[in-house]
Amino acid sequence: MRFFDPHIHMSSRTTDDYQNMAAAGIRAVIEPAFWMGQPRTNVGSFIDYFASLVGWERFRASQFGIAHYCTIGVNSKEANNEGLAREALELLPQFALKEGVVAIGEIGYDEMTPAEEWVYQHQLQFAVDHDMVVMVHTPHRDKKNGVLRSIDVAREVGVPMEKLVIDHNNEETVQSVLDAGAWAAFTIYPNTKMGSERMTEIVRQYGPERIIVDSSADWGVSDPLSVPKTAHLMQERGIDQAAIELTCWQNALDAYAQSGQIDVEELLKAPVIDQSQRFSENSVLRGQQPRIDEPVKN
Amino acid sequence: MTEPPNTLLEELLLPRLDDKAQKFWHNARTELAAGCNKSRFAALIALASRYCKRRPLDVSHIERERISTAIPGLTLDEWNLLELLRVALICGRNDLTSAQFAEDYEAQFVYADEGETCALYRALPFLPAGERFAWRAGDGCRTNMLSVFHAIALDSPYPAKHFDDTAWHQLVMKTLFLELPVWRIVGLDERRSAELNRMALDYAEERESAGRSLPIGLWLCFTEHDKNRLTALVERHWHSATAQDRKAIVFGLVRSGLHSQVHTLATSESDAGVAHVIDHTLGGQTQQIHFARLVTD
């Protein structure tokens, strides 16, 4: 099986992860711009980070036969540093229109402050002006309200619902997102978000349409193999193969290919490691069976 | 130059663009010719990716001839279509010799993605007063991205023309280190030196100590400056070397003026291919282009 992890912060991950992901069948990833685990102190830090998402990290992924796309945006946490956020927003035109930038994101709310709302709206407007997809991070606290507000504000600004991906959903929010006509993404992240078993039941209950599974693996305790592991569990639990393919590959591709920034024809080719792009001494493991351990616990 | 680079670039480009991309190109060319500011220049380079994909150029024989006539040493065989469009956009500016262009071009590197960075460097051989960007190109060689290094170092006459000795030696050594095809560094034949010879000999010994094989292109880097060390190196390798490696060693020896050693080795050589290379190198076919055929045939 091939997998698309449409939300994973690879800058925080090691080459071991890339090797294991490739071996497990992950063929494409999206790395959304987020914070670094601690607040940035100056705009230069945003510049170098955005540049690394479209530069070095893209190259690093290619060495493992993994297509790397990204989203560009000013995250909700750092939106609260208003002066810095304004400076960072001025960088959007420099980075958001690059090749392989599939959305504005991850943007949205953290504490639902006025500063967050202003930065969110500003970026939604940028997305509308440039006909872009939007990836929304929904808050950990007061989630349900945050999801509803994220959708309402996006709609007010004029984002078409088919270009809106609401991420970090759970059982309590999925119906509202699907009803709105947006894409509902789920983060399989131990402890704080969703587990593989709950995800399986959601797909059973709601079906695969517009549902996307991702890992959001980052610098926290998280698992870059969440997507293949969840797919494996869904298989075990008798979910249709077609539904697994939709939620772990095709839906993400359909949602983000609307950007025009995924060369689908190229992506669908069998992965080939470009010999000019190998590591100096290492070859990359290919063609193995997916490495599947335990599904992520609830 | 027999024809201006802009004409050449456009003539290579147009037959490869679909209608939508042609329209983008024509509009952009008009805009650039009229003069546009730095951010619009950046936007055009970025937006090019919406009209062209990274597809091989499949350069024809006739095109290859035209390119090397216009800019000796340059080959575009490994460029992709998006890179060609971007280089044409860069060269489409009406002020390439100005300080403003230099400033705008330099500024692009701050925000460039991987593909743009490659294209910016691929434009170097087309830019007038190329010495203005020698530091930039040298800095580019410090990259960890092989694609970027490749775009600067190989198939381009720029480094040999503009790099100082330090940058040049680093470029050659890094090409070896990355196991990229050294024979595609344009001007290697002419810019070998005593210092590069020493570095290459040191590197050979470092690889031997580590129990690693020698990259085949290493043999192209030697000169007549330290015949004793080179002879000793050959003696350590010849008997266990593959036929392909023996061919490369022969190049190294002849290029370093060690013809007599080659004559000696020839007496016991049983491989017809190696014997053939010995004849040709002793007959004067010792250049990197000859070596390239050896590797690609």
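Considering (1) touching a residue at least 24 places away in the same chain (Cβ under 8 Å); (2) touching a Phe, Trp or Tyr at 6+ places or on another chain (Cβ under 9 Å); (3) not in a loop (DSSP other than H, G, I, E, B), the lone condition that B:L180 does not fulfil carries the number (3).
Looking at region B:269-284, can you tell me whether even one residue there is of a type outside the set (A, V, I, L, M, F, W, C), surrounded by 20 or more Cβ atoms within 10 Å (Cβ to Cβ) and assigned by TED's automatic domain parsing to the domain that holds B:A232? Checking region B:269-284: at least one residue is of a type outside the set (A, V, I, L, M, F, W, C), surrounded by 20 or more Cβ atoms within 10 Å (Cβ to Cβ) and assigned by TED's automatic domain parsing to the domain that holds B:A232. The C-beta contact set for region B:88-108 (first residue under 25 Å from B:C52 (Cα atoms), second residue among the basic types (K, R), distance under 7 angstrom, 6+ apart or interchain) comprises B:G92/B:R29; B:F101/B:R93; B:D104/B:K38; B:E106/B:R136; B:A107/B:K38. Restricting region B:150-181 to residues that are more than 20 Å from A:F59 (Cβ to Cβ) and within 14 Å of another protein chain (Cβ to nearest Cβ), the residue that is surrounded by the most Cβ atoms within 10 Å (Cβ to Cβ) is B:L176. Remark: pairs (first residue in region A:232-253, within 17 Å of A:V174 (Cα to Cα); second residue among the charged types (D, E, K, R) and buried (at least 22 other Cβ atoms within 10 Å of the Cβ); Cβ separation under 7 Å; 6+ apart in sequence or on different chains) = A:N251/A:R210. If the condition is being under 19 Å from A:K193 (Cα atoms), under 17 Å from the mean Cα position of the chain (by Cα) and surrounded by 24 or more Cβ atoms within 10 Å (Cβ to Cβ), then region A:106-149 contributes A:E106, A:I107, A:G108, A:Y109, A:M135, A:V136, A:H137, A:T138, A:V147.
Beta carbons closer than 6 Å, at least 6 apart along the sequence or on distinct chains, pair a first residue in region B:256-268 that is touching a residue at least 24 places away in the same chain (Cβ under 8 Å) with a second that is not in a helix (DSSP H, G or I) for B:S256/B:F222; B:S256/B:T223. Being away from every other protein chain (no Cβ under 14 Å), touching a residue at least 40 places away in the same chain (Cβ under 8 Å) and within 20 Å of the chain's Cα centre (by Cα) is a condition met by at least one residue of region A:78-97. Picking from residues in region B:83-116 that are among the aliphatic types (A, V, I, L, M) and surrounded by 21 or more Cβ atoms within 10 Å (Cβ to Cβ), the one that is nearest to A:W56 (Cα to Cα) is B:A112.
Just for region A:98-134: of the residues that are aromatic (F, W, Y) and over 25 Å from A:D218 (Cα atoms), which one is farthest from the other protein chains (Cβ to nearest Cβ)? Restricting to residues being aromatic (F, W, Y) and over 25 Å from A:D218 (Cα atoms), the top hit is A:W118.
With respect to (1) part of a loop (DSSP other than H, G, I, E, B); (2) away from every other protein chain (no Cβ under 14 Å); (3) more than 22 Å from A:M10 (Cβ to Cβ); (4) in contact with a helix residue (DSSP H, G or I) (Cβ under 7 Å, 6 or more places away or on another chain), the lone exception for A:D218 is condition (3). Can you give me the number of residues within region A:68-77 that are of a type in the set (V, I, T) and within 14 Å of chain B (Cβ to nearest Cβ)? The qualifying residues number 2. Need pairs with beta-carbon distance below 8 Å; first residue without any contact (Cβ under 8 Å) to a residue 40 or more places away in the chain and within region A:1-23, second surrounded by fewer than 19 Cβ atoms within 10 Å (Cβ to Cβ); sequence gap 6+ or separate chains. Cβ pairs passing all conditions: none.
Yes/no per residue for (1) closer than 26 Å to A:A231 by Cα; (2) out of contact with any strand residue (DSSP E or B) (no Cβ under 8 Å at 6 or more places or on another chain); (3) among the hydroxyl-bearing types (S, T, Y):
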site	(1), (2), (3)
A:Q19	yes, yes, no
A:I30	yes, no, no
A:G37	no, yes, no
A:A61	yes, no, no
A:N75	no, no, no
A:N81	no, yes, no
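Having 3 or more residues that are within 14 Å of another protein chain (Cβ to nearest Cβ) and charged (D, E, K, R) is the bar; report the helices (runs of 4 or more DSSP H) wholly within region B:1-91 that clear it. So that I can check it myself, show each step before the final result.
Values: elements: B:5-13, B:19-34, B:38-47, B:61-70, B:81-91.
Passing ranges: none, list empty.
Whether any residue in region B:144-155 is closer than 24 Å to B:K53 by Cα, without any contact (Cβ under 8 Å) to a residue 12 or more places away in the chain and in a loop (DSSP other than H, G, I, E, B) is what I want to check. Yes, region B:144-155 has at least one match. Selection within region A:15-48: residues that are within 14 Å of another protein chain (Cβ to nearest Cβ) and buried (at least 20 other Cβ atoms within 10 Å of the Cβ). The member of this set that is farthest from the chain's Cα centre (by Cα) is A:F46. Selection of region B:105-143 for residues being in a loop (DSSP other than H, G, I, E, B), under 20 Å from B:L81 (Cβ atoms) and within 13 Å of another protein chain (Cβ to nearest Cβ) yields B:A112, B:D113.
The values are calculated or read from the model by the stated rules, or taken from the named source; none is laboratory data. Owing to the predicted nature of the structure, the values given are computational and were not obtained by experimental measurement. Every residue, glycine as well, gets a Cβ built from its backbone with ideal geometry; the counts of neighbours run over all protein chains shown.
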